[in-house]
Amino acid sequence: MSKTVVITGANRGIGFAFANLYKSRGEHVIALCRQSSSQLDELNVRVVEGVDVSTEQGLDIMVQALANLRIDILVNNAGILRDETLSDFNTQTITEQFLVNAIAPIQVCQKLQNNLHAGSKIGLVTSRMGSITDNTSGGRYGYRMSKAALNIAAVSLAKDLTEKDVAVGIYHPGYVQTDMVNHGGDISANEAANRLIGLMDKLSMDNSGVFYHSNGEVLPW
């Protein structure tokens, strides 16, 4: 029986790769995005536009579109990257990243918690740049702080959903060739999504709340 998979930020990059790969596996894919793309339109999946996960209006559109839908896999992929340094500090972009990268994914889960059931899985696409131990280069204040915040919130989410038997995966996709990094990564979005889907296939209550690299390595906090 096919699974119902909901993906945020599905119009491009890793989000689109998730949608494409899950569709190829025969799953029922629902692609959430602010605005669709030509490649997503051609994929022949259900697309819900207007879903800016950092706004109440966008979340309301999501909730209404998914009303009474039973979700098997929820992939929180939407995220943004800005660049601040100590000499070029920008509280506006830092706040923007917190809203999109840290608060929005948890709000999506909170809004859709009644759509989940025992055995459902949540995937949170984060970054090793949110690891305190792994920070050896500094900089990127907003992105690092927002991803660190997402990581700790994801652990709380995993603990809070234990009684409901809903597993939470926390995933660093790798350095991926997407628009976010001007395609300067070392793996393709398709490879990253394929790796993460493999990890989500193995996701269970036994490894819920663990921070994984897409290559399967457990990452330090």
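The values are calculated or read from the model by the stated rules, or taken from the named source; none is laboratory data. Just so it is clear, the model here is predicted, and its values are computed rather than measured. Don't worry about glycine lacking a Cβ; one is built from the backbone with ideal geometry, like all the others, and counts go over all protein chains shown.
Couple of notes before you dig in:
- So E27, is it in contact with a Ser or Thr (Cβ under 8 Å, 6 or more places away or on another chain), within 20 Å of V5 (Cβ to Cβ) and surrounded by 16 or more Cβ atoms within 10 Å (Cβ to Cβ): yes
- Evaluation of D134 against (1) surrounded by fewer than 18 Cβ atoms within 10 Å (Cβ to Cβ); (2) of a type in the set (D, E); (3) closer than 30 Å to H28 by Cα (one fails), failing number: (3)
- Subset of region 207-221 (residues that are touching a Leu at 6+ places or on another chain (Cβ under 7 Å) and closer than 19 Å to S156 by Cα): F211, Y212
- Considering the conditions (1) modelled with pLDDT under 95; (2) in contact with a Lys or Arg (Cβ under 7 Å, 6 or more places away or on another chain), V63 is excluded by exactly one of them, (1).
- Residue under evaluation R128, criteria (1) within 14 Å of the chain's Cα centre (by Cα); (2) under 18 Å from G15 (Cβ atoms), criterion not met: (2)
- If you filter region 185-221 down to residues that are crowded, with 18+ Cβ neighbours inside 10 Å and aromatic (F, W, Y), you find that the one that is farthest from P173 (Cα to Cα) is F211.
- The residues on offer are A193, A153, and the sole one that is assigned to a helix (DSSP H, G or I) and farther than 19 Å from A19 by Cα is A153.
- When the test is whether a residue is touching a helix residue (DSSP H, G or I) at 6+ places or on another chain (Cβ under 9 Å), in contact (Cβ under 8 Å) with a residue 12 or more places away in the chain and surrounded by fewer than 17 Cβ atoms within 10 Å (Cβ to Cβ), E84 does not pass it.
- Selection within region 121-150 - more than 20 Å from N215 (Cβ to Cβ), among the basic types (K, R) and either touching a Phe, Trp or Tyr at 6+ places or on another chain (Cβ under 6 Å) or not in a loop (DSSP other than H, G, I, E, B) (or both): R144
- Residue match in region 143-153 (condition: buried (at least 20 other Cβ atoms within 10 Å of the Cβ), over 15 Å from N77 (Cα atoms), at pLDDT 95 or above and touching a Ser or Thr at 6+ places or on another chain (Cβ under 7 Å)): no
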